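Throughout, read-outs are computed from the coordinates displayed, never taken from laboratory work. In this text, all values refer to a predicted model and were calculated from it rather than measured experimentally. Cβ coordinates were reconstructed from backbone atoms using ideal geometry, including for glycine residues, and neighbour counts include every protein chain displayed.
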Amino acid sequence: MKEVFDYKIITRNSEEQHFKALLENAAFIHHRKQDTLDWLKWKYYASPYGDCIVVMAYSKQGELAGEISFGRYEFVDNNKLIKAIYSYQTMVHPNFQRKGLFSSLTKKVIEIAKEQSVDVVFNFPNNNSYQPFLKLNFKPLNGLKYWISPGHLGTFLKQFNPISFKKPFLVNKINQYETETLKAFEKVAKGVHPYAISNVLYPNRSYDFLKWRYFTHAMHQYKIIESDLGWAIVRIGKRGSFTEAQIMDVFPKKEFTASFLKSIKKKIKTQLKIGLIIFNMSEAHPLNKKMISSGFISLPNKLKFCVFPLNETGEKYLDRSNWVITATEFHRY
């Protein structure tokens, strides 16, 4: 007989027992240190775009069998606001796998999102969830670019080891933000505005969003890089023997030109003196065609990108040429 589960929509005001079970389950399933309740409530319920959609499935014996969460997001298309959600976490406990939970949890989130007039769902599934999402008619767009460049020449040569290019990136962990970084962010971000790109879906960047996303809950080391032509947010860590700066997002004062990108790259080299510079983006990003002339090399990657339209508006965005994406979207926290 098919097992029956109880589904619960979890809000910021739900009982603490649900959050406790969620954190314990995630740590067990992903073989990692348990996240804190403060982190969970920051990630799920503090975004200026709105509260995360969270659905949990319990067995009839009261065990947490699975959980799915999709965060709120906003894009802009020719000055029109497009509402979206994207995957934060999908997990099914090993004791309850192969019982259709992944599918049923995802369908429940889609039902809720439709009721709330969300236009489109997007996500970056890992190898385990990629095929299950495709079976639910998520359309694979992929087409995400992985650009790499040497950083400071002396550092690059000193740290060089071919094997390191195949190593995973390990971000520098922090417990509190550097005062200098926070001051730099406040200086450049107060006047931030959405990208001005025609006929594509681009992220609705705002001061409130960037403040929440990067400088509210101290966890990963970020730096503000400023040049005469604009500024960028970079994430700092290591890849094998290399120190690495990942460009999370860029904000030109005027246009996305090669000169602007080169100015940011130069500042990263001189200020941070790291070995590698990485920049992930979608093919539709206006800098994508300027990367080679700016000294970057495109490497093969396994980054996956899928979308699921929820209405007629969402149906317009079923081609990779519609989406401007950076590491801000790809790296969810």
Calc'd 3J(HN,Hα), the range 145-160, phi into Karplus 6.51 cos²θ - 1.76 cosθ + 1.60 (θ = phi - 60°), Hz, glycine/Pro = x, comes to 9, 10, 9, 9, 8, x, x, 4, 4, x, 5, 4, 5, 5, 8, 4
The answer for the per residue Cα convex hull volume of the range 144-301, in Å³, is 115 Å³
Ranked from fewest to most other Cβ atoms within 10 Å of their own Cβ, 119, 38, 51 fall in the order 38, 51, 119
In cubic angstrom per residue, the convex hull of the chain built on its Cα atoms measures 141 Å³
Expressed in nanometres to one decimal, the distance between label points 7 Å along Cα→Cβ at residue 126 and residue 228 is 4.6 nm
In the range 144-301, taking the dipole from +1 charges on Lys and Arg beta carbons and -1 charges on Asp and Glu beta carbons about the Cα centre, the listed residue (295, 207, 194) farthest towards the positive end is 295
Under a Gaussian network model of the chain whose springs join Cα atoms within less than 10 Å, the largest fluctuation of 142, 161, 79 belongs to 161
Proxy exposure order for 169, 102 (fewest C-beta within 10 Å first) is 169, 102
Expressed in nanometres to one decimal, the distance between label points 7 Å along Cα→Cβ at residue 179 and residue 103 is 5.8 nm
For the table 60/108; 190/302; 266/290; 99/316; 20/304; 20/173, the rows whose alpha-carbon distance is greater than 25 Å are 190/302; 99/316; 20/304
Taking placed amide H atoms and a strict 5 Å upper bound, the residues 5 or more places from residue 281 or on another chain that come that close are 145, 147
Contact order relative to length for the chain, counting C-alpha pairs under 8 Å separated by 6 or more residues, stands in percent at 20 percent
When all Cα-Cα pair distances of the range 6-140 are considered, the percent exceeding 23 Å is 33 percent
If the chain between residue 292 and residue 134 were fully extended at 0.36 nm per residue, the gain over the current Cα-Cα distance would be 53.6 nm
Among 220, 193, 285, the residue with the largest mean-square fluctuation in a Gaussian network model of the chain built from Cα contacts under 10 Å is 193
To the nearest 20 debye, the range 48-178 has a Cα-centred charge dipole, built from +1 on Lys and Arg Cβ and -1 on Asp and Glu Cβ, of 520 debye
Under the 7 Å Cα-to-Cβ spin-label approximation, residue 63 and residue 218 lie apart by a distance in nanometres of 4.0 nm
In the range 3-38, the GluC sites (Glu not before Pro) that sit in a DSSP loop and have at most 12 other Cβ atoms within 10 Å of their own Cβ are 3, 15
